[in-house]
Structures are given as structure tokens and as C-alpha cells.
1. I need Cys104, Cys135 ordered by Cβ neighbour count within 10 Å, fewest first.
2. How far apart, in nm, are the 7 Å Cα→Cβ label points at Thr133 and Thr120?
3. How would you rank Asp55, Asp130, Asp45, going from fewest to most other Cβ atoms within 10 Å of each one's own Cβ?
4. What does the charge dipole of the stretch 78-154 about its Cα centre add up to, to the nearest 20 debye, if the Cβ of each Lys and Arg holds +1 and the Cβ of each Asp and Glu holds -1?
5. Taking the number of other C-beta atoms within 10 Å as the exposure measure, put Tyr101, Tyr168 in order starting with the fewest.
6. Once you place label points 7 Å from the Cα toward the Cβ at Cys104 and Asn175, how far apart are they in nm?
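Nothing in this text is a laboratory measurement; each read-out follows from the coordinates by a stated rule. What you see is a predicted model, and the numbers here were worked out from it, not measured in a lab. Positions of Cβ are generated from backbone atoms using ideal geometry, with glycine treated the same way; all protein chains shown enter the neighbour counts.
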Amino acid sequence: MYEQQSDPTVAAGLRGFIGYVLGDGQTLAESVDFTGLPPSILSNDDLSTFLDTSDEWITTRTGMKERRISHVSAVEMATLASARALACAGLDPGDVDLIVYGGCSNEEVVPNSASGVQVTLGATRAAAMDVNTACTSFIYGLSAATAMIQNGTIRNAVVIGVELISRYIDWSNRNVAVLFGDGAAAVVVQATMVGLATKSLKRAKSFLKFGGNWKRVGPSLSAITFAVRRK
């Protein structure tokens, strides 16, 4: 089971990041439910039992205290995040026109991982595509969905950011092992959001570069589910 969690700091970071990328007037849905955290926690103290490191060393360099380790596949995490995001937005899987799966730890190339989410979720009308641009996969996916909504191709999209990094990490490398965990997030983008920004990637790059809240919150965002809509 995945636990439900609501963190005011994470919520503030998400509102700042999504609002900045999409443009003025965009907010999280009032019924946002922060969920989908894998239950297994790997703390800094845990890492120090098999690495030459400490809680103080990791915290002062990254700000991280713990990371989550998933016991299920990335597609399962992504499906759960998508289902909860749709519930927040008040939509059914049949309302979805597009699923964008952003991640670089995909378990399959053909068929793509987005198709796995589409089938499991029951979004029978939805097109499905993967986007792999490493750490920026979610941002590119959000920009692609925005463009398709603006040109009238679709009305409702689910954009997912998901990684299952723990299976690929060199756990003997202190410089890498302390940084990554597992998790998934999904956002619903709807055609009613008239003011979607056309320069999402540029705005996101500027936000990250100049120190928005998303940068401070870091990898703990990876397990958040939320929905976006216009007031």
C-alpha cells in the first residue's frame, strides 16, 4: 500500500513551480491530494551503515534526509498517481485524450510505458507517449500537452513524472547513492486553462536557475499527485 501524505512545504513548492511554468492565473485544484509515496524509507542514517557517509554530510550538501524505495514497477506507480490526479480533477479515465509518461528509467521501450498506464488505467480513448529528457522529462511532457491543448488536438491530458532509480543505482558510490529515490507524480491539464504559457520550457528553466521553491524541495516531490485547473 502507498501512504497518503500532505506536506505544506511541498505543496508550496508545487504551486510556485506549476504556476510559474504555466503562467499567471493557474492554481492547483482545491481538492489536491498528496499521495503515492512508496512505503519503504531509506534514511541518511541507513545509508551510513554501508557507505562512508553520515546524515550531516548528506544534509549539508543536498538538504535531503530520506528517500523512498518502491516495491512495485514504475508503470504501477504512474498508474496510481494518474488515478488520484484524475480523482482530484473530477474526471474519469474515459475523459482522457492524452497520457504523457515522463521518465528516464523506463522498463520497456516497445510498447512504451505510457501505453501500460493507458491500459491499466482504462483510458481507452487516450493516446499515449513517452518523453525521456532525463531530469526535465516532466517539464517537456507538460509543454507538449500544453501545445496540443492550445492547437485544439486534445482537451484533457495526464502528464506523469516517474522514476524507479533504485534498481539502477551504484549503491557503493557515495556521490550518487545519496541523491536518488523512487516515486511518481501526475498532473491533469485541461482545455479550460485558457492562459497556458507557450514558453513553458523557458519559464521552467528560469525558475529552476534562479532558485524557485521547486529547487529547494528537491527529490521529495517525486511522489506527489496533483491536478491543475483554472479558477
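1. Values: Cys104 16, Cys135 11.
Ascending Cβ contact count within 10 Å gives the list Cys135, Cys104.
2. Each label point is offset 7 Å from its Cα along the Cβ direction, giving 2.5 nm.
3. Details: Asp55 16, Asp130 22, Asp45 13.
Final ranking by Cβ density, sparse to dense: Asp45, Asp55, Asp130.
4. 120
5. Working: Tyr101 31, Tyr168 11.
Result, fewest neighbours first: Tyr168, Tyr101.
6. The modelled label-to-label distance comes out at 1.6 nm.
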